[in-house]
Amino acid sequence: MVGVFKPGTKISVQVPHYVEGDDPIAGLLVGQSSVMRDIVKIVRQIAQYPATTVLLQGESGTGKDVVARAIHRLSYPPHAPFIPINCAAIPETLLETELFGVEAGAFTDAKVSRDGYIARADQGTLFLDEVGSMPLVLQAKLLRFLETRTIRRVGGTREQHVQLRVISATNEDLPTAVADKLFREDLYYRLKVITIAMPPLHEHAEDIELLALHFLNEESLQRGTEIRLSAEALALLKQYSWPGNIRQLRGVIELACILCNDLLIQPVDLPDVIHDLQQVGRRTHAALLNIPQQIQLPSDGVDMPAFLMDIERVLIHQALERCDGNQVRAAALLGISRDQLRYRLLR
């Protein structure tokens, strides 16, 4: 069984992490894969330049908000504000006042003057999530702010200077949006001084176990009791393709913690879309086991090395296709080491 909570002790994942100990971003960036190591490295470099804008690009659920918080945590002291705003969740008519603030009397419902998100983020970080959905009119005003670092409340006349970092995130193809005149080209280049491409979870599947244990520990801490993960359930988690990425994995662990009996997560506690993989795998495995009984040696014999190599080639191709070219995962599916897989590929 895998599971690491002990009541009365500090919760931490008892498997190696790339970021651990007293590091300011410990507990945020979890993983040992090369892609996670590269992200940690660039996050540390970015933190040395707290005025530089950063653009995080990647599918929904890949952890863009977590990386934004890691950059902020390394860039500023603990009391510095981190102000997130989801540009897609606020109506277009309200987004300007939410960003820039408003003076009393600027319009009918503006009863009092108030600061916007930008002013509240002064001396810290403004995180613009789903920035690709920002309307064009407001994009021009955001660009002006990025160039001057000054803002003016809606209905106001006084210019206010602020110092902060702007981190933007999107799952949209911004270059295409620029080509389609849906996103300003000048703003795009101003936001992407540094770009971090967040990979989908299936591209760093070796981190699935670490992430699952991390979320399991969080659930254990909240409940004040040990919750374990069976080896069979973990194997299914590692085989799944995770179209919803890290966010989906977190939700699956939370659900399994609710459904499990005796505080032990079993395959049956996982959602059907994951649990059914076990049944599919068993049927496929049974079909493969029946192949030897179905083979008949031709009367004129067979080139057995060539025949076996053809079968091997088909299985290797399917394994690599299923794992999106990830040789570590493909080798695990085939029951061989990565070195053995590489040897077969060369051969």
Considering each of T176, T195, T225 in turn, give the residue that is at pLDDT 90 or above and in contact with a strand residue (DSSP E or B) (Cβ under 8 Å, 6 or more places away or on another chain). T195
Based on what the data block shows, is F145 assigned to a loop (DSSP other than H, G, I, E, B), at negative phi and aromatic (F, W, Y)? no
From A177, A89, residue being surrounded by fewer than 19 Cβ atoms within 10 Å (Cβ to Cβ), hydrophobic (A, V, I, L, M, F, W, C), in a loop (DSSP other than H, G, I, E, B) and touching a residue at least 12 places away in the same chain (Cβ under 8 Å): A89
Hey, among the residues in region 300-341 that are surrounded by 13 or more Cβ atoms within 10 Å (Cβ to Cβ) and of a type in the set (D, E, K, R), which one's nearest to L237 (Cα to Cα)? R329
Would a scan of region 38-54 turn up a residue that is among the polar types (S, T, N, Q), in contact with a helix residue (DSSP H, G or I) (Cβ under 6 Å, 6 or more places away or on another chain) and in a loop (DSSP other than H, G, I, E, B)? yes
Looking at region 183-204, is at least one residue of a type in the set (G, A, S), within 30 Å of A47 (Cα to Cα) and part of a strand (DSSP E or B)? yes
Give the number of residues within region 263-299 that are surrounded by 10 or more Cβ atoms within 10 Å (Cβ to Cβ), at pLDDT 70 or above and of a type in the set (D, E, K, R). 1
With respect to L187, determine if the residue is closer than 25 Å to L333 by Cβ and surrounded by 19 or more Cβ atoms within 10 Å (Cβ to Cβ). no
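The values are calculated or read from the model by the stated rules, or taken from the named source; none is laboratory data. All of these numbers come straight from a predicted model, not from anything done at the bench. Cβ coordinates were reconstructed from backbone atoms using ideal geometry, including for glycine residues, and neighbour counts include every protein chain displayed.
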